[in-house]
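The values are calculated or read from the model by the stated rules, or taken from the named source; none is laboratory data. Just so you know, these numbers come straight off a predicted model, no measurement behind them. As a convention, Cβ positions derive from the backbone with ideal geometry for all residues, glycine included, and neighbour counts pool all protein chains shown. Remember, those area values only see protein heavy atoms, side chains included, never the ligands or the DNA or RNA. Shrake-Rupley method; radii C 1.70, N 1.55, O 1.52, S 1.80 Å.
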Amino acid sequence: MNLIRTKPISRRTLLRGAGAAVGLPWLEAMTPAVGRAATLKNPVRMAALYMPNGAFPLTWTPECPGRDYELTPSLEPIADLKREVVVLTNLWNEQAKAGDAHYTKEAAILTSAQIKKTQGADIRNGISVDQVAARRAGHSTPLPSLELGITPVAVGNDVAVGYTRVYGSHISWSSPTTPLARELNPKAVYERLFRAAHGSGTDEARLDSLLLDRVLGDARRLRRRVGKEDQARLDEYLSVMRSLEKRLKRADDPGRDSWEPRAPIDLEAAPTDRPSSHLEHVRLMLDMIALAFQTDTTRITTFMFGNAVSEVSFRFLDGVESGHHDLSHHANEEVKLSQYKIINRWHVEQYAYLLRRLAAMREGESSVLDNSMILFASALSDGHKHDPHKLPVLLGGRGGGRIDTGRHLVYGNDHPLSNLYVSMLDAFGTPVERFADSTGPLAGLLHT
């Protein structure tokens, strides 16, 4: 993105308020929006965890449907959580079947939309399911939603396939032309949750307001010195910033509704600024999701284990000697395939880690997991084939009692993934008649 790499706007200015991790678009959700008093009823939460480069079907998909299915090698890490998870088979995103092998599928994992092929700034996707929920219920918490990741945004274009790499770095879209920036620094996320829990009157919040004024001025001056393409991107950026200005003013309104965190946040317990390994980085980000849900700072979050075409090295795992994307192109060679399977399983282990954290957080007679929906999915089936069919999809948590868990649900071939999102929005309390190309709710998922 040209804005990040342009000299006239200080990168330090852009990043200081965000914990030195992302640019100012992150600030849209930094300061508490108008909230409402917490009720006795436990809230429902929604999270989406994205795994790049697909999964090997033969070690992922259980053979039998129903409650008595046997876990496959890739799914064995959820053995103790089997009653809390639904395995969903034969879902796909029809709108992503054409075009590039990765970008058209991975950017649309939560939008079920057709991606515009472009190497410029005229990107186009759809609105993601998390942001549909955030538009309708995000006012209930200080942070309408929380977008997290591990890998920085990939810049430039993938000239081999004709797509901008921006598509591969975002799964959360607030509009068809606006991907939401992800926070990559676990310490910055923790501090952000702390500020949200302690209101807008802190010194940090006042600093954020001053930083916003400064960066807006820099961006407006920069606009006069760049080309039309950069001007278009800056116009989108400034539009987000104007929305943030309104949020800051509302947050300072002494007459706004009260909101109280459901659990304390101790600033002294903030995680390290520089995780020592990929595993620690991932675990810390999952801890941030758990904390955000436990405190009710947000009820909507997304997390990317890696960008599209991720080449994260998994040499820290026994038996793995190469990068993720390279191994996903295994060509059925056992040396590569065995390593690809190990990586698949590792991602499910991290998913299970988050579910256990949430299950241990009590809310009266239930747990945070009982009151959550934690989606785990990849936009490809077999990474070697770039197969858009039979996507690997798991849904953990009972969604406040709405989801009938502990089953393997098998649908007819090429069943719309968007039907799952219709059901999730219903369970979340923000029902819709349709989402993208849906044909209705996902049959059998919710208690009738």
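Which whole-number percentage describes the relative contact order of segment 259-409, with Cα contacts under 8 Å and a sequence gap of 6 or more?
Numbers: 160 pairs, mean separation 22.3, N = 151.
Here the relative contact order equals 15 percent.
Using R₀ = 25 Å, calculate the FRET efficiency as 1/(1 + (r/R₀)^6) where r is the Cβ-Cβ separation of residue 124 and residue 159; round to 0.05. Don't skip to the answer; put the middle values down first.
On the way: r = 20 Å, r/R0 = 0.78.
Efficiency, rounded to the nearest 0.05: 0.80.
For segment 254-315, rounded, prolate or oblate, judged on the Cα gyration tensor with a ≥ b ≥ c (square roots of eigenvalues), a/c < 1.5 rounded, else prolate if a/b > b/c? Please list the in-between numbers first.
On the way: a/c = 3.38, a/b = 1.96, b/c = 1.72.
Prolate, because a/c is 1.5 or more and a/b exceeds b/c.
Hey, got a sec? Which GluC sites (Glu not before Pro) in segment 347-448 land in a DSSP loop and have at most 13 other Cβ atoms within 10 Å?
Passing both the DSSP loop test and the Cβ count: 365, 433.
Name the trypsin sites (Lys or Arg not before Pro) in segment 47-102 that are in a loop by DSSP and that have at most 14 other C-beta atoms within 10 Å, would you?
On the way: sites: 67, 82, 83, 97; in loops: 67, 97.
For trypsin sites (Lys or Arg not before Pro) across segment 47-102 that sit outside H, G, I, E and B with at most 14 neighbouring Cβ atoms in 10 Å, the list reads 67, 97.
Which of rounded, prolate, oblate describes segment 40-138, given a ≥ b ≥ c as roots of the alpha-carbon gyration tensor eigenvalues and a/c under 1.5 marking rounded, otherwise prolate only if a/b is larger than b/c? Walk me through the intermediate numbers first.
Numbers: a/c = 2.82, a/b = 1.33, b/c = 2.13.
Oblate, because a/c is 1.5 or more while a/b does not exceed b/c.
With a 1.4 Å probe and all protein chains left in place, how much of the accessible area of segment 317-448 comes from carbon and sulfur atoms, in whole percent?
Numbers: 2380 of 4920 Å².
Carbon and sulfur atoms account for 48 percent of the accessible area of segment 317-448.
Run through segment 281-344 and list the GluC sites (Glu not before Pro) located in a DSSP loop whose Cβ has at most 13 other Cβ atoms within 10 Å. Before the final figure, lay out the partial values.
On the way: sites: 311, 321, 333, 334; in loops: 311, 321, 333.
Of the GluC sites (Glu not before Pro), the ones in loops of segment 281-344 whose Cβ has at most 13 other Cβ atoms within 10 Å are 321, 333.
Estimate the FRET efficiency between residue 67 and residue 433 by the formula 1/(1 + (r/R0)^6), using the beta-carbon distance for r and 45 Å for R0, to the nearest 0.05. Kindly include the intermediate steps, with their values, before the conclusion.
Working: r = 30 Å, r/R0 = 0.68.
Plugging the Cβ-Cβ distance into 1/(1 + (r/R0)^6) gives 0.90.
Before I look further, what does segment 111-197 give for accessible area per residue, probe 1.4 Å, in whole square angstrom? Let's see the in-between values first.
Numbers: 2680 Å² over 87 residues.
On a per-residue basis, 31 Å².
Any chance you could look up the accessible area of residue 291 with a 1.4 Å probe, heavy atoms only, rounded to 10 Å²?
Approximately 20 Å² of residue 291 is accessible to the 1.4 Å probe.
Treating the beta-carbon of each Lys and Arg as +1 and of each Asp and Glu as -1, no other charges, what is the dipole magnitude of segment 317-448 about its Cα centre, to the nearest 20 debye?
Details: 12 positive and 16 negative charges, 60 e Å.
So the dipole magnitude of segment 317-448 works out to roughly 280 debye.
Just want to confirm a number: the relative contact order over segment 372-448, from Cα pairs under 8 angstrom separated by 6+ residues, in percent.
Values: 106 pairs, mean separation 20.0, N = 77.
Relative contact order of segment 372-448: 26 percent.
Nearest 0.05, what FRET efficiency do residue 365 and residue 313 give at R0 = 45 Å with Cβ-Cβ as r? Let's see the in-between values first.
Values: r = 44 Å, r/R0 = 0.98.
Efficiency, rounded to the nearest 0.05: 0.55.
Can you classify segment 291-448 as rounded, prolate or oblate using the Cα gyration tensor, where a ≥ b ≥ c are the square roots of its eigenvalues, rounded means a/c under 1.5, and otherwise it's prolate if a/b beats b/c and oblate if not? Mind showing how you got there, number by number?
On the way: a/c = 2.33, a/b = 1.44, b/c = 1.62.
In terms of gyration-tensor shape, oblate.
Using a 1.4 Å probe on the protein heavy atoms, what percent of the accessible area of segment 42-184 belongs to carbon and sulfur?
Working: 2490 of 4820 Å².
Whole-percent figure for carbon plus sulfur exposure: 52.
Just add up the charged neighbours of residue 397: K/R +1, D/E -1, any other residue whose Cβ is under 11 Å from the Cβ of residue 397.
Details: positive: 45, 398, 402; negative: 84, 370.
Overall, the nearby charge balance is +1.
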